[in-house]
Amino acid sequence: MAPKAEPPSSELADTVLSRLTSAYPPAGDPVRAAGSAAYLKGVCPFLGIPTPERRALDRTILKDLPRPDETDCTAVALRCWALREREYHHFAVDYLRRHVPRCSSGFLPVARELVTTTSWWDTVDALAAHVVGALVAADPRLAREMDGWIEDDDPWVARTALLHQLRFKERTDVARLFAYCLRQAGHRDFFIRKAIGWALREYAKTDPEAVRGFVAAHRERLSPLSVREAMKHL
């Protein structure tokens, strides 16, 4: 499914996409592509390029190109997402991870578009931790947007809200993290239950006692999967 938003005009995106679509297909492996597509439950097709080889290609593709601004980032991401094969989406995620500091809080709707289009954990989790999280860290007012996302009917949006603080460590809004976990504690979706445990486990590296106390106080509300993941290293 292609993104609904139209990408803005960008000469840099024109160059990037031209290089990408020339370099990627010849590097593909149909056998590997079939296996990768099956692993992702047929969410989308693959070209069959191993990640190390893809990133080596990316360095060549991006060589001598200028740094993007927010418009360029938007155009590259949306145009990559409009292509069917997953490697183009992975390229876009890597590109955004590198350049999200050049984007304003106004980029959040673009990130949401990516989260909700051809959604699966391989792109959603990276966008949550490295793009959405970076935007919120740079503009804490966006935390109010996350309060809306945690209530969203789309489980991938809610998962993004749960995971956006994964890299915050001492800067974690603990009250918000725990409230989000309780808000979705009864959710039936595996990926939500897993995300609750993952978010708690990651924060436990910073404050293990806080997580132990939270799990002890709310064990009856949390799913066994969430508890198991949260307590894995405690």
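The values are calculated or read from the model by the stated rules, or taken from the named source; none is laboratory data. The shown structure was predicted, so the numbers you read here are calculated from the model rather than taken from an experiment. Using ideal geometry, Cβ is built from the backbone for each residue, glycine included, and neighbour counts are taken over all protein chains shown. Ligands, DNA and RNA are excluded from the accessible area calculation, which covers all protein heavy atoms including side chains. Shrake-Rupley method; radii C 1.70, N 1.55, O 1.52, S 1.80 Å.
Does Glu202 meet the test of being within 18 Å of Leu234 (Cα to Cα), part of a helix (DSSP H, G or I) and over 18 Å from the mean Cα position of the chain (by Cα)? Explain how you work it out, then say what you get.
Details: within 18 Å of Leu234 (Cα to Cα): yes; part of a helix (DSSP H, G or I): yes; over 18 Å from the mean Cα position of the chain (by Cα): no.
In short, no.
Residues are listed down the side, and each one gets a yes or a no for (1) modelled with pLDDT of 95 or more; (2) farther than 17 Å from Val132 by Cβ; (3) not polar (S, T, N, Q):
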residue: Ala5; (1), (2), (3): no, no, yes
residue: Thr21; (1), (2), (3): yes, yes, no
residue: Phe46; (1), (2), (3): yes, yes, yes
residue: Ala75; (1), (2), (3): yes, yes, yes
residue: Phe107; (1), (2), (3): yes, no, yes
For this session: Give the number of residues within the stretch 43-67 that are surrounded by fewer than 18 Cβ atoms within 10 Å (Cβ to Cβ), in a loop (DSSP other than H, G, I, E, B) and of a type in the set (A, V, I, L, M).
Result: 2
Problem set entry | the stretch 131-164, residues that are under 24 Å from Pro208 (Cβ atoms) and open to solvent by 20 Å² or more (accessible area, probe 1.4 Å) | Ala137
Exercise. Using beta carbons and a limit of 9 Å, which pairs, at least six apart or on different chains, have the first residue in the stretch 172-194 and touching a residue at least 12 places away in the same chain (Cβ under 8 Å) and under 18 Å from Trp156 (Cα atoms) and the second one outside any loop (DSSP other than H, G, I, E, B) and of a type in the set (Lys, Arg)?
Worked result: Gln184/Arg159; Gln184/Arg193; Ala185/Arg193; His187/Arg193; Asp189/Arg159; Phe191/Arg159; Ile192/Arg159; Lys194/Arg159
